[in-house]
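Peer 1: Take a look at the following structure, please.
The values are calculated or read from the model by the stated rules, or taken from the named source; none is laboratory data. None of these values were measured; they are calculated from a predicted model. Note that we place each Cβ from the backbone using ideal geometry, even for glycine, and neighbour counts take in every protein chain shown.
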Amino acid sequence: MEATEMVKSKRTKARMTRLYTMAEHELYINLCITVYQSKAPITLLGDLNSHDISALKQVFTHLLPDVVLISLKDLNEENIKELEQLRLDYPKMGLVILLESFNAKDAEELRRLTLIKGVGGTAIFLKQRLDRMEWLCTAIKAVNQGQIMFDASLTAFMFAGRPGYTFLKQFSLRELEILNLLANGYTNAAIAATLYIDVKTVERHINNMYHKLKTDHEFTNKHLRVSVAKLYLEAIGDVGGEENPIVRSPVNQT
C-alpha cells in the first residue's frame, strides 16, 4: 500500500463511529442493513439483548464504543438513575435513547439527563416515529460529534411547560423542526433540503409561526426571523451547556 493510501485509510478509520446497541434483535438487523447499504461511517461492535442498562458496564470493560444505542419500552426511576450514571461514568460517549412511550414526567427527567455535562451528545427519539433508519444513522453520527437531538414531540414536552416559554405549545411538530433549524442559522432553502420538503412549504410554516407569535410581547415585528430565533434559543439555551443544541426530529410530514 502506498503512503498516500495509508494516510487515507487512517483518516477513514478516524471518522468511523464505533457503535454498540442494547435493543431488540430486529432493530439491530435493520441497522446493520442500513449501515451496509448507505455505507454510513459506522462500525457495529455488537448488541446486547437485554433491557438491563447496568449490564452494559460489563460490556464496557472490554469495549468502549463512541456511541451506545439503548432501546427501552418505557422509562422508570431505575432506568433514569442508570442512564444518569452512564452519562457520568462515560462523559465522552454519545448516547442514543429510543422509547416506545413517554409522559410529561418522563420528559422532565430526560431534560435533566441532558443537563449532565459531557463531551458526548445525546439523542432521544420515539421508536414509532423513526420511520426511516437513515435518520437513526444521522443521530448516531451527530451524538458522536457532541450534538443534542430530540424528537420534536419530546421538545414540546420538555420546554413548553417552562415558565415564560409556554409559546412553544402552540407550534406543531413540523414548526418546531423548522424553528430549530432556523434558530441554528439555516436558510429556508437549507431547511427544505434537510427536511425533504418544498421551500414554499417552509415559508408557509414560518409565516404561520410569525402569525401565532404576533401577540407575544417579546416578539418584535421589526426583525421577525431574528425575534423568533431569539425566543426559541432563550427557551432551550440551558441545555447542553454553553452551546445551543441542535434539536431534530425524524418525522417527514408536511
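Peer 1: Across the stretch 98-116, what is the number of residues that are among the small types (Gly, Ala, Ser), part of a helix (DSSP H, G or I) and surrounded by fewer than 16 Cβ atoms within 10 Å (Cβ to Cβ)? I'd like the intermediate steps shown before the answer.
Peer 2: Taking the stretch 98-116 as the starting set, the residues that turn out to be among the small types (Gly, Ala, Ser) are 101, 104, 107.
Filter once more, so that each one left must be part of a helix (DSSP H, G or I): 104, 107.
Remaining after also requiring surrounded by fewer than 16 Cβ atoms within 10 Å (Cβ to Cβ): 104.
Qualifying residue count, the stretch 98-116: 1.
Peer 1: Hey, another quick one. Confirm whether residue 55 is touching a helix residue (DSSP H, G or I) at 6+ places or on another chain (Cβ under 7 Å) and either in a strand (DSSP E or B) or among the hydrophobic types (A, V, I, L, M, F, W, C) (or both).
Peer 2: When the stated conditions are applied, residue 55 does not pass them.
Peer 1: Six or more apart or on different chains, Cβ atoms under 6 Å: show the pairs whose first residue is in the stretch 217-235 and farther than 12 Å from residue 176 by Cα and modelled with pLDDT of 80 or more and whose second is in a helix (DSSP H, G or I) and not β-branched (Val, Ile, Thr).
Peer 2: 224/210
Peer 1: On to the next question. Pick from 44, 95: which is in a strand (DSSP E or B) and either outside the structural domain of residue 124 (by TED's automatic domain parsing) or under 14 Å from residue 27 (Cα atoms) (or both)?
Peer 2: On inspection, the qualifying residue turns out to be 44.
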